[in-house]
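A short write-up of the structure that comes next.
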Amino acid sequence: MGTYVYGITAADHPELRSIAKELRGVGDPPRSVRVLTEGALAAIVSDAPEELRPRREDLFAHQQVLEEAGAAGCVLPMPFGSVAPDDDAATSVLAERAEHYTERLEALDGTVEYMVEVSHEEEAVLHRVLAENPELRARTEANRLAGGGSYEDRVSLGEMVVAAARAREAEDAVEVRQTLEPSAMAVSAGAEQAGGPVGVSFLVARDSMEAFLGVAEQLRKARPYLDVRIQGPLPPYSFVEPGPAEPAGSPTDTDKRTV
């Protein structure tokens, strides 16, 4: 069956065991959450379902366990689908990587993660690139006077507009990051996604959450052509940093990861 691992925390995490008793984890029916300890560390676990899929209910349960436990003390969140062969294997990992996990717990204590995605209001960015680019304005006017222009003219103009819009999006993404970065402790840029916004994660001290969100709100007001979406506060998923001994846990056909 295996042992499903939600996160790693300190063995002296306040109220950990009482919190765990009230939580329900992944699976149908939801598995009971329990705590395994090894020295100064603890793993928040449950029995792993035989068929583990990234269903909405299970994704929510995984995050809910981490948020509840993280509200009372620092927790290193594991990715959804992290499964050890059994309890002994899970505690062995705690012993093997004790130094790394202890360092990460100390570094991330009192922090949360905010995921920020920035995209443009399409019509607004088109107006903006035309206003900023005399060549585009001239080409647009020439096509208009020519009754729309030839097919080649329209295609060429469209490609120029798209290129200008993407360049503006890249510049604005850098500006947003630079504006928010002083209010954060660390930044982790997400991978580029074709056709979608790039997510950037910010590690923020709990006592700076209000200030961070205030800067984001000022950003929205100052740049109405931007759609700034913020997820959080979240457990610091992007800042756990696997230790050098971390095995390359490749998801299997049941979306499990080896811990």
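Stretched out straight at 0.36 nm per residue, the stretch from GLU22 to GLU99 would grow longer than its current Cα-Cα span by 24.7 nm.
What a 1.4 Å probe finds exposed on the chain is 51% carbon and sulfur by accessible area, rounded to a whole percent. Taking all protein chains into account, the per residue accessible area for the chain stands at 54 Å² (1.4 Å probe).
Give me the angle, in degrees from 0 to 90, between the Cα long axis of helix 134-145 and the longest principal axis of the Cα atoms of the chain, rounded to the nearest 10. So the helix axis and the longest Cα principal axis differ by about 60 degrees.
Of the peptides 7-14, 75-82, the ranking by mean beta-carbon count within 10 Å, highest at the top, reads 75-82, 7-14.
You can think of it this way: the chain between MET209 and MET1 has 70.9 nm of extra reach, that is 0.36 nm per residue less the Cα-Cα gap.
Taking GLY199, GLY214, GLY147 as the candidate residues, the one with maximal mean-square fluctuation in a Gaussian network model of the chain, Cα springs under 10 Å, is GLY147. Comparing ALA222, ALA186, ALA72 in a Gaussian network model of the chain, where Cα atoms under 10 Å apart are tied by springs, the biggest mean-square fluctuation is seen for ALA222. Here is the tail figure for the range 1-131: Cα pairs spaced more than 21 Å apart come to 45 percent of all pairs.
Once both labels are positioned 7 Å from their Cα atoms along Cα-to-Cβ, the gap between LEU157 and GLU51 label points is 5.6 nm. Name the residue, out of THR140, THR111, THR102, whose mean-square fluctuation peaks in a Gaussian network model built on the chain with Cα pairs under 10 Å. Sorting by GNM fluctuation, first place goes to THR140.
The values are calculated or read from the model by the stated rules, or taken from the named source; none is laboratory data. All values reported here derive from a predicted model rather than from experimental measurement. Cβ: placed from backbone, ideal geometry, glycine included. Neighbour counts: every protein chain shown. In case anyone asks, the SASA skips ligands and DNA or RNA and just uses the protein heavy atoms, side chains included. Shrake-Rupley method; radii C 1.70, N 1.55, O 1.52, S 1.80 Å.
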